Each structure stands twice: as C-alpha cells, then as structure tokens.
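The values are calculated or read from the model by the stated rules, or taken from the named source; none is laboratory data. Just so you know, these numbers come straight off a predicted model, no measurement behind them. Ideal geometry is used to build each Cβ from the backbone, glycine not excepted, and the neighbour counts take in all protein chains shown. All accessible areas refer to the heavy atoms of the entire protein, side chains included, with ligands and DNA or RNA removed. Shrake-Rupley method; radii C 1.70, N 1.55, O 1.52, S 1.80 Å.
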Amino acid sequence: MIKLAIIGTNWITEKFIDAALKSKQYQLVAVYSRDLTKAQVFADKYRAKMVFDDLTQLASNQNVDVVYIASPNSLHFSQTKLMLEHGKDVICEKPLTSNYQQTQALIEIAKQNQCIMFEALKTFYVPNYELIKNYLPKLGKLRKALLNYCQYSSRYESYLNGHNPNTFNPEFSNGSLMDIGVYPLNFGLGLWGKPNRFYATSSLLASGVDAHGSVLCNYEDFDVSIWHSKVTNSYIPSEIQGEEGALVIDHLSVCEQVTYYPRQGEKQIISIQQQDNEMYYEALEFAKLYQQRKIDHKGLKHTLLSSFMLTEIRKQIGVQYPADDF
C-alpha cells in the first residue's frame, strides 16, 4: 500500500482521499493543516494516525511515501520543492506552479532526487478522454473546436462586497485562467499539442486577476477556441468539428457524455459510464507510476507545455503574480 499524506483539508482533498481509498492502492497515514485541531478532525474521519502543523516535520517523516498537495496555487512550488528535497513523491493539484520557470525548476529537482512528481490533471485519465482521441480520425479533416468551461464562482459575491477571497487574489496566483481555464487549455493541448500561434484576451478585475477570457489556438487550417470564466455560467457543451463529423462533449473537464455526429447518418452516444468520483482514474495512474518508479514519465512533458502556455497567455492578457519574481 502507498502511504499517503495530504496537505490541505478542503473539499478537493476529501474527494481525492475517497478516490485513492476506492482504488485500494493507498493508505492515508498523515494530515497537514496550519490548524492542528482541523487536521485532527480530518485525520479522525479517515483513521489517519499522524497530524502535522509543520511542513518540515511532515517531509522528514519516514512513514510517508507520497504527499498530495491541494493548497492555494502560490504555495504549490515551495511545498512541492520541500517534499521532493526530502525524498517524497508528490501529487500536486493543477496548476503545478505559478509559472514556467518554477515548473522547470521542480522537474529538475524531482529528477535529481529520483522522485515522482505528478500534476493532478484529472481529464487526461478518464476513459472518455481516451475514447475521444480514438474517434478523432472519424471526423475527417479537423476545422474548428470550441472548448468551453465557464462557472460562476461561489466567492464572486464576496469579492463584489469588498472582500479579497483567494479566488480573485493575485497573491495566490489565481483567477479564471489558472482556476478554470486550465481545463479546456489542457484538454486541447493533450489532443493537438502546442499550437502554431495563439491569441488571448480577457477582462481583468481591479484586484489584478482575470474574471473571464478567451484563447484562440491556431493549428494552420484548424482553430481551437477556448472560453473560460469565473463570473458567468455556461450551459452549452464543447464541440470538435471535422469535415466528416463532429464530437459534442458535456462537462469537458470529466468528459461526462460524448456524442458523435457523423455528417451523414444518425448521432451516437459513444461515451461509457465512468466512476462518479473521476479522481479515481488519476489515483490509479499515479499508483502505476509509483509501482514502476517512473521518474521521467510522459505527464511531465505535458505539464511543462501547459505551464509554458499559461505563462505566455498571462503575458498577453497582462496578469502578473508576486510569484513571478521567482
């Protein structure tokens, strides 16, 4: 069993723990929180024996194999670095770091310490994403794609009322692109790689982060439009259009349902039923890497490309973070 520790006691951490335990590959042994009482409550729920409010003590503990990090974006780099330097494998929530330079540094540190570093990009590991890859040739010559993820933030009202929640605070390397836009961006990069050209626009809030935005990725005669927003909801699916047909994808981040529309013929729902907790698949993927001790795994190349794109898009839209002084 993989002895797992977690940093953070929020809903996403709980969801990952449930997925990890369901995979039967992990045992939760430790919980970290700045509030030791909160850590203990969380640990008791899952019968974890150790709690920490000191990250160095956690990193030094010999009874921990892997650390799952679900802290604010701006803390990912320092916390991952500390764990890697102490010989711990790391699963870190997306985005792995605040910028491309930090990502490059972490990959080098992981290799130097012979540790597995894994960005938790759940979309890549759900079965229906692989199914989409296999269906692309049926669409003929690709022409257009709309990759859409717009979700009204539960913290937006707080922001409008004069508060400064993490979600809209540059101190935490946040905003629409880094929180929501990573899903459609990575969805496209995973299918078609780095675009030949890309153009980004956004609407910035007074806090300095983006409220919503669009990215147009050009692959010569094929265009991919990315929509993302933290201040509006969208009720339309995503779509990939080819000369011979199209794929329509509901809830793009998890590929909940995929429908194939041939240019001639009847539409077909081609997706399969997936686990209710889609993080189950990323937990399984990491377990395979752990068992095989794959340090230089293919996910690192994608993480590097994703980080490069996020950094360059932010340059185009004029969003800067304190972490960019790295």
Practice task
Please tell me the relative contact order of segment 127-273 in percent, rounded to the nearest whole number, where contacts are Cα pairs under 8 Å and at least six residues apart.
Solution key: 31
Handout entry: Distance (nanometres) between label positions extended 7 Å along Cα→Cβ at residue 60 and residue 204
Key = 4.3
Exercise for the section: Among 161, 99, 277, determine the one that fluctuates most according to a GNM of the chain built with springs between C-alpha atoms less than 10 Å apart. Expected result: 161
Problem - Virtual spin-label span in nm between residue 276 and residue 12, 7 Å along Cα→Cβ - result: 2.2
Completion exercise
Measuring from the longest principal axis of the C-alpha atoms of the chain, the long axis of helix 73-85 (C-alpha) lies at a number of degrees, nearest 10, equal to 50
Practice task
Describe numerically, in nm with one decimal, the distance between label points set 7 Å from Cα along Cα→Cβ at residue 133 and at residue 38.
Solution key: 3.7
Handout entry: Computed lengthening from residue 236 to residue 161, 0.36 nm per intervening residue step minus Cα-Cα distance
Key = 24.1 nm
Exercise for the section: At 1.4 Å probe size, with no ligands or nucleic acids counted, give the accessible surface of residue 85 in Å², nearest ten. Expected result: 90
Completion exercise
Checking 306, 225, 23 against a Gaussian network model of the chain (alpha-carbon springs below 10 Å), the top fluctuating residue turns out to be 23
Practice task
Pull out the extension gain between residue 266 and residue 114, defined as 0.36 nm times the separation in residues minus the alpha carbon to alpha carbon distance; nm, one decimal.
Solution key: 49.6 nm
Exercise for the section: Provide the per-residue ³J(HN,Hα) series for segment 53-67, in order, calculated from phi with Karplus coefficients 6.51, -1.76, 1.60 and θ = phi - 60°, each as a whole number of Hz, with x at glycine and proline positions. Expected result: 10, 10, 5, 5, 5, 4, 4, 8, 6, 7, 9, 10, 9, 9, 10
Exercise for the section: Give the long-range amide H neighbours of residue 204: residues separated by 5 or more places, or on another chain, with amide H under 5 Å away, using H modelled in the peptide plane at 1.01 Å from N. Expected result: 211
Completion exercise
Using the Cα gyration tensor of segment 127-273, the equivalent ellipsoid's semi-axes, largest first and to the nearest Å, work out to 32, 16, 11
Problem - Relative contact order computed over the chain (Cα-Cα under 8 Å; 6+ residues apart), in percent - result: 20
Exercise for the section: Treating only the Cβ atoms of Lys and Arg (+1) and Asp and Glu (-1) as charged, compute the dipole magnitude of the chain about its Cα centre; round to the nearest 20 debye. Expected result: 560
Practice task
Compute the acute angle (0 to 90°) between the alpha-carbon long axis of helix 279-292 and the principal axis of greatest extent of the alpha-carbon atoms of the chain; round to the nearest 10°.
Solution key: 60
Practice task
Quick one: angle between helix 11-22 and the longest Cα principal axis of the chain, in degrees between 0 and 90, rounded to 10, please.
Solution key: 90
Exercise for the section: Give, as a single signed number, the net charge of other residues whose beta carbon lies under 14 Å from the beta carbon of residue 174, with Lys and Arg counted +1 and Asp and Glu -1. Expected result: -1
Problem - Overall Cα dimensions of the chain - principal axes, largest extent first, Å - result: 60, 44, 36
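With a 1.4 Å probe and every protein chain left in place, work out the accessible area per residue of segment 127-273 in Å², rounded to a whole number.
47
About the Cα centre, and with charges only on the beta carbon of Lys, Arg (+1) and Asp, Glu (-1), how big is the dipole of segment 127-273? Nearest 20 debye, please.
Rounded to the nearest 20 debye, it is 200 debye.
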Problem - Built amide H within the under 5 Å cut-off of residue 244, gap 5+ - result: 140, 141
Handout entry: Table column - 3J(HN,Hα) (Hz), segment 231-236, Karplus curve with 6.51, -1.76, 1.60, x for Gly and Pro
Key = 10, 9, 9, 10, 10, 10
